[in-house]
Amino acid sequence: MRPRIAVLFLACLSLAVTFVLTISTAQAQTNLTFTTIDVPNAIETDCNAINKTNVIAGFYVDASGVDHGFIRTNGVFRFLNFPGATGTLAYGINDSNQVVGWYTDTSGIQHGYIFAAGKYSSFDVPGSTLTNAWTITNTGTIVGAYTDTSGVFHGFVKIGTKYTTIDFPNSILTESLGLNNLGQMAGIYDDSNGNEHGFVRTSNGKFSSVNFPGATVTASDRINDTGEIVGLWGTSTSGPFHGYTRIGTTYTSVDVPGATETRTRGLNNAGVIVGRYSDSTGLIHGYSAH
């Protein structure tokens, strides 16, 4: 995981925050059928999002260590490479097969992009030094994260040409990772001890924390229209990590059989999940499961 450091003083909560105090439970993985997804000859394959027709967006790393985005439809890959970029990552896809992610330019700067109708469009949050796009809804709303001139991460929402900054109250790091078609958001923030927590933000702007029971690290990557959340959890900031789903207040851990680490990255409204796992040799594979 990319290191994230933030300060969150939980004793002084902003009035804008609502923490829902419920009793959360965790259970072992239920019966899931896993399918490994590998781009041929790749040294790493990551599956990051899936839409209603099970089209998957993700990226792979080639033998030279270069990142390339992809869309996988019925087992067939289409590769995404932003023109002139040194690397391209795909992280979000909607039901119209519009894809968002980010690319790295020749100066090493990351910019957001959207791929739609065969064309690439670049965008940056105004005043940012880095822009990462994570999710695009069916109406074209995009969420992601950016860094300001001080290097601090903030979440953002992009509707047309208008950007809105998203910050978990009292934190110095926020990343907006998922957004469903009802306006509910999932993401991450860090506390003053450097521990990572997930969050959910309702359509009217109220936040609540997401913490896998017993974990020291929790990330909430996506939320679908039924309110189901997926992400990862771990008992150490250095991993290994496990995937999870949360339905209501019940968390279910997700681990690919035989894997040394599993991360759950995306899901659709039917509850089909996608992500990545590491095998015993350290090779990273993509997967889907239902």
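The values are calculated or read from the model by the stated rules, or taken from the named source; none is laboratory data. All figures in this text were calculated on a predicted structure; none of them were measured in a lab. Glycine gets a Cβ as well: all are built from the backbone with ideal geometry, and neighbour counts include every protein chain shown.
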Test: residue in the stretch 224-241 that is buried (at least 24 other Cβ atoms within 10 Å of the Cβ), under 17 Å from ASP167 (Cα atoms) and of a type in the set (Val, Ile, Thr): no
Candidate set: the stretch 133-156, residues that are surrounded by 20 or more Cβ atoms within 10 Å (Cβ to Cβ) and among the aliphatic types (A, V, I, L, M); chosen: the one farthest from ASN181 (Cα to Cα): ALA145
Failed item in (1) surrounded by fewer than 24 Cβ atoms within 10 Å (Cβ to Cβ); (2) touching a Leu at 6+ places or on another chain (Cβ under 8 Å); (3) of a type outside the set (Phe, Trp, Tyr), with LEU130 passing the rest: (2)
Selection status of ASP105, of a type in the set (D, E, K, R) and touching a Ser or Thr at 6+ places or on another chain (Cβ under 6 Å): no
Residues being in a strand (DSSP E or B) and over 13 Å from the mean Cα position of the chain (by Cα) - total across the stretch 201-218: 6
Test: GLY194 is at positive phi and surrounded by fewer than 14 Cβ atoms within 10 Å (Cβ to Cβ): no
Any chance SER236 is out of contact with any Cys (no Cβ under 6 Å at 6 or more places or on another chain), of a type in the set (Gly, Ala, Ser) and at pLDDT below 95: yes
Qualifying residue in the stretch 172-183 (condition: of a type in the set (A, V, I, L, M), farther than 22 Å from THR237 by Cβ and either buried (at least 23 other Cβ atoms within 10 Å of the Cβ) or without any contact (Cβ under 8 Å) to a residue 60 or more places away in the chain (or both)): yes
Selection within the stretch 254-274 - of a type in the set (S, T, N, Q) and within 17 Å of the chain's Cα centre (by Cα): THR262, THR264, ASN268, ASN269
Residue that is in a loop (DSSP other than H, G, I, E, B), within 20 Å of ALA133 (Cα to Cα), under 17 Å from the mean Cα position of the chain (by Cα) and of a type in the set (D, E, K, R), where the choices are ASP221, ASP225: ASP225
Residue check, GLY178 farther than 21 Å from ASN268 by Cα, outside any loop (DSSP other than H, G, I, E, B) and of a type in the set (Gly, Ala, Ser): no
Search result, residues across the stretch 86-109 that are within 27 Å of VAL152 (Cα to Cα) and crowded, with 23+ Cβ neighbours inside 10 Å: THR88, LEU89, ALA90, TYR91, GLY92, ILE93, VAL99, VAL100, GLY101, TRP102, TYR103
Of residues in the stretch 228-244 being assigned to a loop (DSSP other than H, G, I, E, B) and in contact with a Leu (Cβ under 8 Å, 6 or more places away or on another chain), the one nearest to CYS47 (Cα to Cα): PHE241
Subset of the stretch 245-276 that is of a type in the set (Ser, Thr, Tyr) and without any contact (Cβ under 8 Å) to a residue 60 or more places away in the chain - its residue that is surrounded by the most Cβ atoms within 10 Å (Cβ to Cβ): THR264
Positions within the stretch 113-140 being closer than 27 Å to ASN269 by Cα, in contact (Cβ under 8 Å) with a residue 40 or more places away in the chain and not aromatic (Phe, Trp, Tyr), in sequence order: ASN132, ALA133, THR135, ILE136, THR137, ASN138, THR139, GLY140
Extreme residue, surrounded by the fewest Cβ atoms within 10 Å (Cβ to Cβ), among residues of the stretch 277-290 that are assigned to a loop (DSSP other than H, G, I, E, B) and free of Cβ contacts under 8 Å to residues at least 40 places away in the same chain: THR281
